[in-house]
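Read the structure below first, then the notes.
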Amino acid sequence: MSSTTTAPIVPSYVQGGWWTPQDAQGSPVRDAATGEEIARVSADGLDVAAVIEHARTVGHAALARMTLHERALVCKQLAQYLETRKDELYELSFRTGATKRDNMIDVDGGIGVLYTMSSKGRRELPNANVVIDGPVEVLSRDGSFLGEHVLTPLPGVMVQINAFNFPLWGMLEKFAPALVAGVPSIVKPAPQTGYLAEACVRMMLESGLVPEGALQLVSGDAVDLLSHLDYRDALAFTGSATTAHALRENPRVREGGVRFISEADSLNAAILGPDATPDTPEFAAFVTSVMVEITAKAGQKCTAIRRVIVPRDRVEDVARAVREKIDQKIVLGDPRADGTTMGALVSLEQLDSVRSGVQRLIDAGGRPHGSLEAPEVLRADGSRGVVEDGAFMSPVVLTFDDADADLVHSLEAFGPVTCVIGYSDLDDAVRLAARGAGSLVATVCTNDPDVARTLVTGIAGHHGRVLTLNREDAKTSTGHGSPVPHLVHGGPGRAGGGEELGGVRAIKHLMQRTAIQGSPAMLTAITGVWHKGAPKQAAGCERFGGSPEHVHPFRKALTELRVGDALVSDLREVSLEEISAFATETGDTFYAHTNEEAAAANPFFLGIVAHGYLLVSWAAGLFVNPDPGPVLANYGLDHLRFVTPVAAGDAIRVELVAKRITPRVTDEYGEVAWDTTLYNQNDEIVATYDVLTLVAKEWPTPSVG
Ligand code: NAP
């Protein structure tokens, strides 16, 4: 090795302070491109029980003082803060062998997850700490006994054990949902790149935004950490299938009830449709995608394309085209050198492991396209040559005559390596893809909708994500290898059987789903959301339960409004003239509103009926309060259902109840959902829906200046 200097040990951040072992030597970590020792790793002697206790007590309490929206806002602010310092992260990331393009995935991708979780959390979850999951079930005839599911934060901690290849994305894509859910995180990065995770954690703490105890870092091994976990906790692992198996066997997971989320390795496939001949745009897009996937992060991506499955007569064409594309586009070198497009593997150990994997694939019948010799690379100073201590490797494309060679479907050479095999027909392509025994992602490249349907439905059960690639999305696609925070990441079987990301699903995974049962009043008190049958304080028509003591709820600012505040209207008669006028005005002359005979022949009506939208408009006329006030706007309706038709001579009335109040953490107003029911003169339900409004927090609005 080129350096003899002993580098400092990467510190851990625990119990509110930085910690480094006193006497430990630690294991060395080296710059991937030069071999220079840059850090040492050890957490020997760390009191891990105290770390977990700190998260369970201090961390949980700090997070519980905030609502889901407040925590989601912290996520966004952290993203904004990290953005101002990402150049420092890029610089450090070069040392892991990552290029500028790789940094976009790890650094920018990680920050991107913070943004997305923040925005999704604030849009799709309540500004509360109890989330209702799914509809209410009415469990008694009279509606006095209800049931539903609620989500609350896990009572324990989330320990994340991360792989070396995405030290930031891997950490942030787990931390963001845990933070929003209200669960403290203990991060244990992989030793090879943990110094980058440490730098990022340090920045987040320096921002002053992280609630106390919500984030701790253990820069060492995790074995002791696991022995203190129990059923309250989650263990989120990303790494090899071998380590995943070992962790699954850990007594705390096997018998202690620790929730185990596993994102393991995967032999991802890309399938070329029979229609995608070499002269088509699909063929070109496919070749580019394979080239990108095996060279980004020097092929050290869990989602990289490992198996290229193509029509049997196109195996050599595809391999040659991929090889040519690599030769055109790829400049292997030190990530700090101008012009480098592919960096080094993370370490010499990793290089050895990938080389031996390639040799085993060759022994299993693989013909390599590309050299296995130590490559000449671009050095940081611009010169070219072989760097003995740099973990560089040229991309290798292997072709096989036997598409069923076992190693193709079982060995993950975690570097710039891919295998090209041939299929006889679409069923054979599906069968080969399934031989991966559960994968994170596959690409299906075709411009033929029938081929796409056959392949995608055939392989979907074996995959967490499937990307269809054709001429239309080739330029706009986010790519085979990039999990997007909006969609789930994870796959069955070998891929770990876990599920991460997927928008607010990621947050919900870190919450306990509990079925709760009780009266409408109790469920209202527990959830903060009004349930039909719970007490209400109604203003309006006394005949229907309104009281002059109560003010119209549209006159109340958000801070005064309570769930259960309501308005009941009087009846309003419906005439044929009004129905006809609405039909003429709007052009909606559908026969049920205009032709008595045809309407009567319809199985649902006895004759002409009022338009549903006319009823909804009349309802608004019955419940609005016309004067300027705290209600700022109506932004839509949810769950609209028309139940009983209304004919001329009938009458309708409306009941409107404040159901869900969601103050925005970033604005001077919030959302109110109003449970709305239209009745006819016989008290039959005509329509049900939620009216959605924006309401000012204060009214009159506080004057400025
Ligand atoms: P790894 O060797 O499995 O290590 C992953 C993490 O597990 C490291 O932090 C490692 O730290 C820790 N670890 C290993 N043995 C452990 C044990 N017995 N108990 C507790 N922790 C243990 O994987 P890697 O080499 O870092 O990463 C590459 C692999 O990750 C590839 O196979 C890749 O496909 C996979 N990966 C999967 C995803 C995904 O999302 N599915 C993403 C990225 C990478 P120590 O060495 O300190 O123990």
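The values are calculated or read from the model by the stated rules, or taken from the named source; none is laboratory data. Keep in mind it's a predicted model, so treat the numbers as computed, not measured. FYI the Cβ positions are ideal-geometry reconstructions off the backbone, even for glycines, and counts take in every protein chain you see. When the accessible area is computed, the model is the full protein with side chains, heavy atoms only, and any ligands, DNA or RNA have been set aside. Shrake-Rupley method; radii C 1.70, N 1.55, O 1.52, S 1.80 Å.
Look at Gly45 and say whether it is of a type in the set (Gly, Ala, Ser), in the same structural domain as Ser185 (by TED's automatic domain parsing), in a loop (DSSP other than H, G, I, E, B) and in contact with a helix residue (DSSP H, G or I) (Cβ under 8 Å, 6 or more places away or on another chain).
no
Can you pull out every residue in the stretch 370-379 that is out of contact with any Ser or Thr (no Cβ under 7 Å at 6 or more places or on another chain) and buried (at least 17 other Cβ atoms within 10 Å of the Cβ)?
Residues satisfying the conditions are Val377, Arg379.
Only one of Asp565, Asp588 is modelled with pLDDT of 95 or more and surrounded by fewer than 18 Cβ atoms within 10 Å (Cβ to Cβ); which?
After applying the criteria, what remains is Asp588.
On the given criteria, is Thr6 free of Cβ contacts under 8 Å to residues at least 24 places away in the same chain, over 28 Å from Leu151 (Cα atoms) and surrounded by fewer than 20 Cβ atoms within 10 Å (Cβ to Cβ)?
No.
In the stretch 248-263, which residues are in contact with a strand residue (DSSP E or B) (Cβ under 6 Å, 6 or more places away or on another chain) and within 12 Å of Ser227 (Cβ to Cβ)?
Residues satisfying the conditions are Val253, Val258.
Any residue in the stretch 151-160 that is more than 19 Å from the chain's Cα centre (by Cα), among the small types (Gly, Ala, Ser) and open to solvent by 20 Å² or more (accessible area, probe 1.4 Å)?
Looking through the stretch 151-160, none of the residues is more than 19 Å from the chain's Cα centre (by Cα), among the small types (Gly, Ala, Ser) and open to solvent by 20 Å² or more (accessible area, probe 1.4 Å).
Show the residue pairs meeting these rules: Cβ distance below 8 Å; 6+ apart or different chains; first residue within the stretch 293-315 and in contact (Cβ under 8 Å) with a residue 60 or more places away in the chain; second residue more than 9 Å from the ligand (Cβ to nearest atom) and of a type in the set (Lys, Arg).
Here the result reads Thr295/Lys329; Ala296/Arg101; Ala304/Lys297, each pair linking the stretch 293-315 to a residue that is more than 9 Å from the ligand (Cβ to nearest atom) and of a type in the set (Lys, Arg).
Among the listed residues Leu510, Leu487, which satisfies the condition of being within 14 Å of the ligand (Cβ to nearest atom), touching a strand residue (DSSP E or B) at 6+ places or on another chain (Cβ under 9 Å) and among the aliphatic types (A, V, I, L, M)?
Leu487
In the stretch 78-136, which residues are in a loop (DSSP other than H, G, I, E, B) and polar (S, T, N, Q)?
Thr96, Thr99, Asn127, Asn129
Out of the stretch 385-404, which residues are modelled with pLDDT of 95 or more and of a type in the set (D, E, K, R)?
Asp401, Asp402, Asp404
Restricting to the stretch 2-44, give me the number of residues that are at positive phi and at pLDDT 95 or above.
Residues in the stretch 2-44 being at positive phi and at pLDDT 95 or above: 2 in total.
Got at least one residue in the stretch 80-89 being under 22 Å from the mean Cα position of the chain (by Cα) and open to solvent by less than 10 Å² (accessible area, probe 1.4 Å)?
There is at least one residue in the stretch 80-89 that is under 22 Å from the mean Cα position of the chain (by Cα) and open to solvent by less than 10 Å² (accessible area, probe 1.4 Å).
Within the stretch 54-95, track down each residue that is closer than 17 Å to Gly194 by Cα and out of contact with any Pro (no Cβ under 7 Å at 6 or more places or on another chain).
Passing the criteria: Lys86, Glu88, Leu89, Tyr90, Glu91, Leu92, Ser93, Arg95.
Give Glu500, Glu472, Glu412 a once-over and let me know the one that is over 30 Å from Thr152 (Cβ atoms), acidic (Asp, Glu) and within 16 Å of the ligand (Cβ to nearest atom).
None of the other options fit; the residue is Glu412.
Being part of a loop (DSSP other than H, G, I, E, B) and touching a strand residue (DSSP E or B) at 6+ places or on another chain (Cβ under 9 Å) is the requirement here; does Glu549 meet it?
Taking the combined requirement at face value, the residue satisfies it.
Suppose we keep only residues that are more than 28 Å from Leu125 (Cα to Cα) and not in a strand (DSSP E or B) within the stretch 522-546. Which one would you say is least open to solvent (accessible area, probe 1.4 Å)?
If we take residues in the stretch 522-546 being more than 28 Å from Leu125 (Cα to Cα) and not in a strand (DSSP E or B), then Gly546 is least open to solvent (accessible area, probe 1.4 Å).
Against the definition (within 16 Å of the ligand (Cβ to nearest atom), at pLDDT 95 or above and open to solvent by less than 20 Å² (accessible area, probe 1.4 Å)), how does Ala276 come out, yes or no?
Taking the combined requirement at face value, the residue does not satisfy it.
Being in contact with a strand residue (DSSP E or B) (Cβ under 7 Å, 6 or more places away or on another chain) and of a type in the set (S, T, N, Q), is that true of even one residue in the stretch 197-214?
no
In the list Leu694, Leu637, Leu656, which residue meets the criterion of being open to solvent by 60 Å² or more (accessible area, probe 1.4 Å), at pLDDT 95 or above and not hydroxyl-bearing (Ser, Thr, Tyr)?
Leu637
Suppose the filter is closer than 20 Å to Thr443 by Cβ, more than 16 Å from the ligand (Cβ to nearest atom), surrounded by 17 or more Cβ atoms within 10 Å (Cβ to Cβ) and at pLDDT 95 or above; does Ile305 pass it?
For Ile305, the condition - closer than 20 Å to Thr443 by Cβ, more than 16 Å from the ligand (Cβ to nearest atom), surrounded by 17 or more Cβ atoms within 10 Å (Cβ to Cβ) and at pLDDT 95 or above - is not met.
Looking for something touching a Phe, Trp or Tyr at 6+ places or on another chain (Cβ under 7 Å), part of a strand (DSSP E or B) and closer than 17 Å to His552 by Cα - is there at least one such residue anywhere in the stretch 637-647?
no
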